[in-house]
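So the structure is just underneath, and the comments pick up after that.
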Amino acid sequence: MTGPEHVQEAERLLRLARLSEKSSASSAAGAARVAGAQAHALLALVAAQAAPAAPPAAQAVTVYRVSCEYSPFPLGLYANPEAGRAHCEALVSGEYLADTALFFDWIEDEDEPLWELVVRVGDKAEKPTGYTVTAVVAEADYDPEADA
């Protein structure tokens, strides 16, 4: 039985139990019906708790794409910009010997949600690395008007 079917059966048994009280039927039969109604009500509650929750309404999500100007493919997608930046810094660190002093800086683009990684090696001047982190909005639904 489903949860709603258990509720219907519990209600039916309670109606019969009330009729038993008003008629000359035994009180044992009425008590048995009340106990059955309680059991079905409990099973309805268990079924309701076991049912999967309704999925949340779809909404747009922002992800952070790691890219390199030398690669045609994104290097990763992250839930926050810090994770994307850490990925880029690890990639650049792998390009140098372990004991090389690297100093990272992120330059934010004024026109779009994009950050570019620059590195200073030792006491030399900063230079671009080609690595970027870009905020990208993944829309929840298709909007045909957006293509126009």
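Read the figures in this text as sums done on the coordinates, not as results from a lab. Being a predicted model, the structure only gives us computed values, none of them experimental. Positions of Cβ are generated from backbone atoms using ideal geometry, with glycine treated the same way; all protein chains shown enter the neighbour counts.
In table form, for the structure just shown:
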| read-out | value |
| --- | --- |
| Ranked Val133, Val7, criterion: other C-beta atoms within 10 Å, fewest first | Val7, Val133 |
| Sequence-separation-based contact order of the range 61-143, relative, with Cα cut under 8 Å and 6+ spacing, percent | 35 percent |
| Computed lengthening from Asp99 to Ala125, 0.36 nm per intervening residue step minus Cα-Cα distance | 7.5 nm |
| For the chain: relative contact order, % (alpha-carbon pairs under 8 angstrom, 6 or more apart) | 21 percent |
| Axial C-alpha extent at least 15 Å, average Kyte-Doolittle at least 0.0 - helices from the chain (DSSP) | 27-50 |
| Packing-based exposure ordering (other Cβ within 10 Å, fewest first) of Trp115, Trp106 | Trp106, Trp115 |
| Amide H contacts of Leu75 (H built 1.01 Å from N, under 5 Å, at least 5 apart or other chain) | Val66, Ser67, Cys68 |
| Label selected from (i) 18.4; (ii) 12.7; (iii) 9.6, the criterion being mean projected area of the Cα convex hull in nm² as computed here | (i) |
| Sequence of Tyr96, Tyr78, Tyr131 once ranked by neighbouring C-beta atoms within 10 Å, starting from the fewest | Tyr96, Tyr78, Tyr131 |
| Computed E for Gln8/Ala28 - FRET, C-beta separation, R0 22 angstrom, nearest 0.05 | 0.35 |
| Label-point separation in nm, Ala83 to Val46, each point 7 Å along Cα→Cβ | 3.9 nm |
